[in-house]
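The next block holds one structure in the form of structure tokens; read it before the comments.
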Amino acid sequence: MRLAPLLIVCLLAAPVVQAADRPAGLQPLPEIPPPPGIVDADLEPQITIVQRGEDRVEEFRLKGRLYMMKVTPPHGRPYYLIDQLGDGQMSRFEGVTPSLMVPMWVIFEF
């Protein structure tokens, strides 16, 4: 019975002891600088969400060019339409995005 009041006093005194241990005159840390490298807003994809009929369509654009669409029907699983070659022809992928997308760059064009 005598242990309960002693325990309560110890628990109430703990924050006071913690506050007394802090050194005086602490200064706030400076803001974290941005990561090094090129920060370009054009490299971020622009996502537009459109409602077409009952389907929800998310359009992904990079530098204004549509490269992927995610179509979510009201009933069923979402599917993706992806422009793999950059020619405007969309390929359909069910469920999730393809696990392996090989990078394709234009090396020479005339």
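The values are calculated or read from the model by the stated rules, or taken from the named source; none is laboratory data. As the structure is a prediction and not an experimental result, all values here were calculated from the model. Here the Cβ is made from the backbone with ideal geometry for all residues, glycine too, and neighbour counts use every protein chain on show.
The test for being among the β-branched types (Val, Ile, Thr), modelled with pLDDT under 75 and over 28 Å from Met68 (Cβ atoms) holds for Val9.
Conditions tested, residue by residue: (1) exposed (fewer than 10 other Cβ atoms within 10 Å of the Cβ); (2) at pLDDT 90 or above; (3) under 23 Å from Met104 (Cβ atoms).
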| site | (1), (2), (3) |
| --- | --- |
| Ile32 | yes, no, no |
| Pro36 | yes, no, no |
| Asp42 | yes, no, yes |
| Thr48 | no, yes, no |
| Gly53 | yes, yes, no |
| Val57 | no, yes, no |
| Leu62 | no, no, yes |
| Asp87 | yes, no, yes |
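Is segment 49-59 home to any residue that is free of Cβ contacts under 8 Å to residues at least 60 places away in the same chain, within 20 Å of the chain's Cα centre (by Cα) and assigned to a loop (DSSP other than H, G, I, E, B)? No, that holds for no residue. When segment 64-85 is limited to residues that are of a type in the set (Phe, Trp, Tyr) and within 27 Å of Val106 (Cα to Cα), the one that is surrounded by the most Cβ atoms within 10 Å (Cβ to Cβ) turns out to be Tyr80. Within segment 19-30, if we keep just the residues that are assigned to a loop (DSSP other than H, G, I, E, B) and of a type in the set (Gly, Ala, Ser), the residue that is modelled with the lowest pLDDT turns out to be Ala24. Considered as a group, the residues in segment 89-100 that are surrounded by 10 or more Cβ atoms within 10 Å (Cβ to Cβ) and of a type in the set (A, V, I, L, M, F, W, C) include one that is modelled with the highest pLDDT, and that residue is Met90.
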